[in-house]
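Heads up, the thing below is written out as structure tokens.
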Amino acid sequence: HLSYLGDQGPYHFRLLDLKGDLDFLMAQYGQMPLPPYMKRESDPLDKEAYQTIFAKHPGAIAAPTAGLHFDQVLFDQVAAKSSIAFLTLHVGAGTFLPVKAAHIADHRMHTECVIISESLIDAVQACRARGGRVIAVGTTVVRALESAYIENKLSSPSCFKTDIFINPGYAFKVIDGMLTNFHLPESTLLMLVSAFMGHSQTMAIYQEAIKRCYRFFSYGDAMLLT
């Protein structure tokens with residue numbers, strides 16, 4: 001048994017001397033890693049609820065929470081009216097870290113693995129050609145798409161690691177809008193939204209959310225920003 005005192009409080013670990021398939025062992029003995037701000041232990045329902053319907057490749061430490069709003073019925077309705085493409089971003093623990101640096105330029109992001117497929121590139125290019133809008137579902141998708149453009153201008157399939165920190169002053173190169181949840185104060189995700197909408201507009205949106213008692217964070221409400 002190990003204990004670790006972290007920024008969010010004490011963490012406790014149990015070491016097991018086991019042999020077998022790692023995925024099987026994690027499924028049997030592991031727990032869904034809910035964000036610290038949930039302030040509760042995960043329960044069996046989280047294994048289904050804290051997972052998107054389109055999850056495919058194991059590796060992320062957390063779900064892209066904007067994707068949690070889609071059940072199969074809603075997903076099919078959206079797919080009938082728009083073109084949907086997928087990418088892979090293995091979300092890292094750094095997504096939950098608040099910015100503690102006095103100047104945001106001094107904050108360093110953790111790296112995350114991004115996989116961009118040819119079908120995604122074709123979908124973005126086709127959308128642009130017909131005058132459509134690229135709408136990202138989640139800040140994770142925003143970071144992945146913008147990183148891919150910086151990496152190779154979305155010209156070819158790629159697999160790379162990104163530590164991009166999108167904050168006010170950033171010029172967006174791919175997306176025209178995003179669906180996202182309401183994020184924590186002092187978080188890099190809130191700064192990403194501020195970069196897209198502008199600081200004053202973002203604060204006005206959040207004041208409206210507080211006024212109307214919208215739910216924040218992972219199991220919270222979503223907003224569509226354009």
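For the stretch 65-124, residues that are aliphatic (A, V, I, L, M), modelled with pLDDT under 90, open to solvent by 60 Å² or more (accessible area, probe 1.4 Å) and under 18 Å from the mean Cα position of the chain (by Cα) total 1. Just one of (1) more than 18 Å from A222 (Cα to Cα); (2) surrounded by 12 or more Cβ atoms within 10 Å (Cβ to Cβ); (3) touching a strand residue (DSSP E or B) at 6+ places or on another chain (Cβ under 7 Å) fails for L25. It is (3).
Could you count how many residues in the stretch 119-157 are aliphatic (A, V, I, L, M) and more than 21 Å from G94 (Cα to Cα)?
Selection size over the stretch 119-157: 9.
Per the listing I53, I61, the residue uniquely under 27 Å from K161 (Cα atoms), modelled with pLDDT of 80 or more, surrounded by 10 or more Cβ atoms within 10 Å (Cβ to Cβ) and touching a His at 6+ places or on another chain (Cβ under 8 Å) is I61. Please go through the stretch 176-216 and give me each residue that is hydroxyl-bearing (S, T, Y) and modelled with pLDDT of 95 or more, ordered by number. Listed by number, the residues that qualify are T180, S194, S200, T202, Y206, Y214.
The values are calculated or read from the model by the stated rules, or taken from the named source; none is laboratory data. The structure presented is a predicted model; accordingly, all values stated were derived computationally and were not measured. Glycine also receives a Cβ, built like all others from the backbone with ideal geometry; neighbour counts cover every protein chain displayed. Each accessible area value is taken on the protein alone, full model and side chains, heavy atoms only, with ligands, DNA and RNA left out. Shrake-Rupley method; radii C 1.70, N 1.55, O 1.52, S 1.80 Å.
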